[in-house]
Amino acid sequence: MSKWKDSLEKTRKATFGRITTLFGASEINAGTWDELEALLIQADIGVETTQSIIVNLKDRVFAQRMVKSAELTTLLENELVNRLSAPAEIDFGSAKPAVMLLVGVNGSGKTTTAAKLGKRYTNEGKKVLLAAADTYRAAAIDQLQVWATRLNLPVVAGQPDSDPGAVAYDAVQAGIARDMDVVIVDTAGRLHTRYNLMEELKKVHRVVGKALPGAPQAVLLVLDATTGQNAIHQARAFQEAVKVNGVIITKLDSSARGGMAFAIQKELNLPILYAGLGEKPEDLTPFDRTAFVRGIMNRN
């Protein structure tokens, strides 16, 4: 809990801390609901989600005959927890190797996340191979190779500006030959407004399936928490291009917009699988909805 609370300090101070202040000793009135609605919207939860939360809280307050706003804290906490998906894990089935594509826009943290995921799976006893398929940025290839060396992970990389589909194909083939358990493919940071780049992402997805029928077993969308509601627009485009089946939220520790997790859940109906709570490999942690909500509301 302490790690979650420390990492969510900016989100808590920006908005959710003010909600706790609102729930003081005063009685619940129209002003309470208006101020709570404004604070939830400011917290990047989203207008529709906020309005739905308010309606549900009002119903419960009426049913339980509550009069003190202080009693709202636990109700709101439960409401927020229930709006996030229960803990989920990626089902790789019997695939060997299981292939995972990481997708998202430039700067979302895909390359670092690929390495951290590789370390996590290695700690679980799996043999992991990384693929540097972001061939448009030489820095991305170098970055993944540096992380791979640091974490003692093998990596397949192409030359800058080479075909990313070919790199992904070679990586899957290498994963089969080396008897790997997981192949994690770091794709180029697509601008969701660029049609040709999204088409190329579709190609990488198809090529991986040709290298190993049934692959990829997972396509995870990496979203930067600091982008707030803008992440929703990005996510929709990726969902249309490739079958995304999970989300990783990065940079929660450096964002005041952690409330976007609720909007992502409602708008995309995708499980949030991991959260980035810092720079170290172990700071990529499975998403814990209860720890997240208690962290933003400063509850023990």
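Residues in the range 122-146 that are in contact with a Lys or Arg (Cβ under 9 Å, 6 or more places away or on another chain) and either of a type in the set (Val, Ile, Thr) or at pLDDT below 95 (or both): 128, 134, 140, 143.
None of 117, 144, 102, 129 is assigned by TED's automatic domain parsing to the domain that holds residue 245 and more than 20 Å from the chain's Cα centre (by Cα) except 129. Pairs are defined by a Cβ separation below 8 Å, a sequence spacing of at least 6 or placement on different chains, a first member in the range 18-34 that is farther than 13 Å from residue 57 by Cβ, and a second member that is in a loop (DSSP other than H, G, I, E, B) and hydrophobic (A, V, I, L, M, F, W, C); the pairs so defined are 27/67.
Give me the residue from the range 60-89 that is part of a loop (DSSP other than H, G, I, E, B) and of a type in the set (D, E, K, R) and, out of that set, farthest from the chain's Cα centre (by Cα). That would be 65. Please verify whether residue 97 is modelled with pLDDT of 90 or more, over 21 Å from the mean Cα position of the chain (by Cα), surrounded by fewer than 21 Cβ atoms within 10 Å (Cβ to Cβ) and not aliphatic (A, V, I, L, M), treating the condition exactly as stated. So residue 97 fails the test.
How about the range 241-300: which of its residues are in a strand (DSSP E or B), of a type in the set (Val, Ile, Thr) and surrounded by 21 or more Cβ atoms within 10 Å (Cβ to Cβ)?
247, 248, 249, 250, 272
For the range 1-34, the tally of residues that are within 18 Å of residue 66 (Cα to Cα) and either in contact with a Cys (Cβ under 8 Å, 6 or more places away or on another chain) or surrounded by 14 or more Cβ atoms within 10 Å (Cβ to Cβ) (or both) stands at 7.
Assigned by TED's automatic domain parsing to the domain that holds residue 60, charged (D, E, K, R) and surrounded by fewer than 19 Cβ atoms within 10 Å (Cβ to Cβ) - does that describe any residue in the range 41-48? Yes: the range 41-48 contains one or more residues that are assigned by TED's automatic domain parsing to the domain that holds residue 60, charged (D, E, K, R) and surrounded by fewer than 19 Cβ atoms within 10 Å (Cβ to Cβ).
The values are calculated or read from the model by the stated rules, or taken from the named source; none is laboratory data. As the structure is a prediction and not an experimental result, all values here were calculated from the model. All Cβ positions, even for glycine, are placed from backbone atoms using ideal geometry, and neighbour counts span all protein chains on display.
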